[in-house]
Amino acid sequence: MRALIITAGSRGDVAPFTGLGRRLQEAGHEVSVAAHAGFAGLVGGCGLGFREVPGDPQGLIRDWARAGSRDEVQALTRAYADGVGDGVAEVVEGGGVDVLLTAFGPAPLARAVGKALGIPVIGTYLVPSVPTGEFALPNARGEVGADPEGNLAVGREVVRRAEAVFGGTASRLRARFGLPAEEPSAGSGVRPVFHGFSPSVLPRPADWPSWVGAAGYWWPARPDGWQPPAELVDFLQDGPPPVFIGFGSMAVGEGERLGELVAGAVERAGVRAVVQSGWAELDAFGTDILAVGDVPHDWLFPRTAAVVHHAGAGTTAAALRAGVPAVPVPVMADQPFWAARLCELGVAPRALPFADLTAEALADAITASLTDPSYGRRAAELARVIATEDGAAPLLAQLARGGAG
């Protein structure tokens, strides 16, 4: 079967699909990933086909920060969404596709194009994206569901807002393909849906419909032929395990400020640190600090004493897989949700919201994560459970049945 995975956004929105794609490929399927141009090397380096979708998410985040009004932000977002929509239509119309696997963000677009061209669509979502009474969905923006009804209401509002990002573009695509205006094409119209997170980290809600599952994590594939930089290997060997500090695709343009903050925290905590530059272009200096670029988390994290991260879904998963304590510093979107979950699971002392981050607070949290053995013990226990799970298996079984249900 020829599968096309559709995703949009930052590296964290793409990397897990390299692992899922490789597993599908190993099972005999032909797999391509439709994503932004900046990820062509990541996808191709993992041996998967690549189809380009317009858009520069890093530039979009930078433009949002510079925008002078809400209207300007909305105009920037509409332009981005329209570019993604046109790109999705073009890459699917290009042929050679038997089934579409879509991330939650572009799901309305995949639904519209799949409906028009008669191609089944399967949801492959990285965060919980179907309302439940058991908890408020990520991206709730401070809304609180005090009871099951409240959680469901919050969840429906989260989904409505998320679908609205591509809603206008999806309507335009339906018109382009001659579909009825009232034809449902939102992400909630995609069935079945597989969530790429571990049920041992977030149990599948009992009130989810039967066509919604929590499959398990889809681990990013390591690029073919990758070798760790010699400088990093030497640093790891020259002392005790360091703390990893990175904020992924967050904090664009704040590298200098963060660098000073991180260096101060490392010195206060008396630890060694590997600092990943990310989109913030973070570059901290110190005798016990090594700055690095992209390094596969599955290789690096098990060699660290703790992981300070922005609590994005993928980095959260990688730290749990490594079995080391976490210090979550959530910035936006689903990150506060995962940060809270890490604390509830007992693998993190507390969450440090990015807006309130100081060198003192970060140093204290790092120290707490390392000096209380319960965090490392609980992290190791979870890692052992996660290692037994196969997140790709349910999706492989679905494809063996012919695709969408």
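Summary table
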| quantity | calculated |
| --- | --- |
| Qualifying helices (runs of 4 or more DSSP H) (wholly inside region 289-398; at least 2 residues being in contact (Cβ under 8 Å) with a residue 60 or more places away in the chain, hydrophobic (A, V, I, L, M, F, W, C) and surrounded by fewer than 21 Cβ atoms within 10 Å (Cβ to Cβ)) | 359-371, 373-386 |
| Residues that are among the hydroxyl-bearing types (Ser, Thr, Tyr) and touching an Asp or Glu at 6+ places or on another chain (Cβ under 8 Å), drawn from region 205-233 | 217 |
| Answer from 66, 141, 51, 160 - the residue that is modelled with pLDDT of 90 or more and either buried (at least 18 other Cβ atoms within 10 Å of the Cβ) or not assigned by TED's automatic domain parsing to the domain that holds residue 337 (or both) | 51 |
| Filter pass, residue 4 being within 19 Å of the chain's Cα centre (by Cα) and at pLDDT 95 or above | yes |
| Residues (assigned to a loop (DSSP other than H, G, I, E, B), crowded, with 16+ Cβ neighbours inside 10 Å and modelled with pLDDT of 90 or more) located in region 227-266 | 241, 242 |
| Which numbered condition residue 57 misses (of (1) in contact with a helix residue (DSSP H, G or I) (Cβ under 9 Å, 6 or more places away or on another chain); (2) at pLDDT below 90; (3) surrounded by fewer than 18 Cβ atoms within 10 Å (Cβ to Cβ)) | (3) |
| Pairs, first within 13 Å of residue 108 (Cβ to Cβ) and in contact (Cβ under 8 Å) with a residue 24 or more places away in the chain in region 158-183, second among the charged types (D, E, K, R) and surrounded by fewer than 15 Cβ atoms within 10 Å (Cβ to Cβ), C-beta under 8 Å, six or more apart | 168/78; 169/78 |
| Subset tally (residues that are at pLDDT 80 or above and either over 30 Å from residue 384 (Cα atoms) or out of contact with any Leu (no Cβ under 6 Å at 6 or more places or on another chain) (or both)) for region 173-200 | 17 |
| Filter result for residue 331 (of a type in the set (Val, Ile, Thr) and under 16 Å from the mean Cα position of the chain (by Cα)) | yes |
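The values are calculated or read from the model by the stated rules, or taken from the named source; none is laboratory data. Since the model is a prediction, treat every value here as computed from it, not as a measurement. Here Cβ is always computed from backbone atoms with ideal geometry, including for glycine, and neighbour counts include all displayed protein chains.
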